[in-house]
Structure formats: C-alpha cells, structure tokens
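The values are calculated or read from the model by the stated rules, or taken from the named source; none is laboratory data. From a predicted model like this one, the values you see are computed outputs, not experimental measurements. Every residue, glycine as well, gets a Cβ built from its backbone with ideal geometry; the counts of neighbours run over all protein chains shown.
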C-alpha cells in the first residue's frame, strides 16, 4: 500500500496500491499524498511514474484516487482504466507536463460501454489510443 492507510489515523481513508497481475505491474489509484503521515509509505508522483506500471485502475474520480493519473500516465504511457470524466481530466493534466506522451484510456461505466454481454481488453497493446 502506498500513501495513506485506508484506515489511517488521519481519517482520510485514502490508499493506493501497486500490484503484479500475471507479471503485469498495475496501479490501483494514482494519488500522491502530500506531507508525512503517520503509518504511511510516502510516495511522490515521480515514484509512481518510476514504477512503470502498464495500467492504472481508478476506483472513482475523487482527487484522493485520481488526481495524479494524468501526470503518471503522461510520463509512462500506462493505460488508464476509468470513467470518461477521469480519462478526460487525466489527458487535460498530462498536457501541462513537458514531454508528456500519449496514453490509452479504457472507458468504463458509461452508458453502453461496455455493451451488455461484451468484454474489453485491459492490455495496453489492445486499447485504442483515443485522439486528443
């Protein structure tokens, strides 16, 4: 677990995780907690990007889950798996980073996406990069 402990003494209820799934490194949420917090593992945006995760799964669009998604994805090219509003904001924030690279977004939770009875690949190589 990175950042704030989900049951932390701060009462903030924030956590970020890094996981390896079948040999693929992924982030579960992408947020840099600011300041030193008791019972946490401090991590910066640079640390998150240095992990070179292939995908970033965002649980919800609140700042304490998604605020640094654009920065991390824009530095690494990691696929963002989230709702449309999170993908849009991540792209907007990545624009402000010098040397940002394009990254794919797999939109979840929108009307008709995915279509009932269908599935979507989460492999970066299979997600079409949406045009900016």
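Results, tabulated for the structure shown:
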read-out	value
Residue 86 in a helix (DSSP H, G or I), within 19 Å of residue 51 (Cα to Cα) and at pLDDT 85 or above	no
Breaking point among (1) assigned to a strand (DSSP E or B); (2) modelled with pLDDT under 80, for residue 11	(1)
Qualifying positions in the range 47-56 - buried (at least 21 other Cβ atoms within 10 Å of the Cβ) and at pLDDT 90 or above	53, 55, 56
Filter pass, residue 61 being in contact with a helix residue (DSSP H, G or I) (Cβ under 9 Å, 6 or more places away or on another chain) and either modelled with pLDDT under 90 or under 10 Å from residue 27 (Cβ atoms) (or both)	yes
Any hit, the range 28-43, residues being on the phi < 0 side of the Ramachandran plot, modelled with pLDDT of 90 or more and surrounded by 14 or more Cβ atoms within 10 Å (Cβ to Cβ)	yes
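Each row is one residue, and each column tells you yes or no for (1) under 11 Å from the mean Cα position of the chain (by Cα); (2) closer than 19 Å to residue 33 by Cβ; (3) without any contact (Cβ under 8 Å) to a residue 24 or more places away in the chain.
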{"site": "67", "(1), (2), (3)": "yes, yes, no"}
{"site": "81", "(1), (2), (3)": "yes, no, no"}
{"site": "97", "(1), (2), (3)": "no, no, no"}
{"site": "101", "(1), (2), (3)": "no, no, no"}
{"site": "106", "(1), (2), (3)": "no, no, no"}
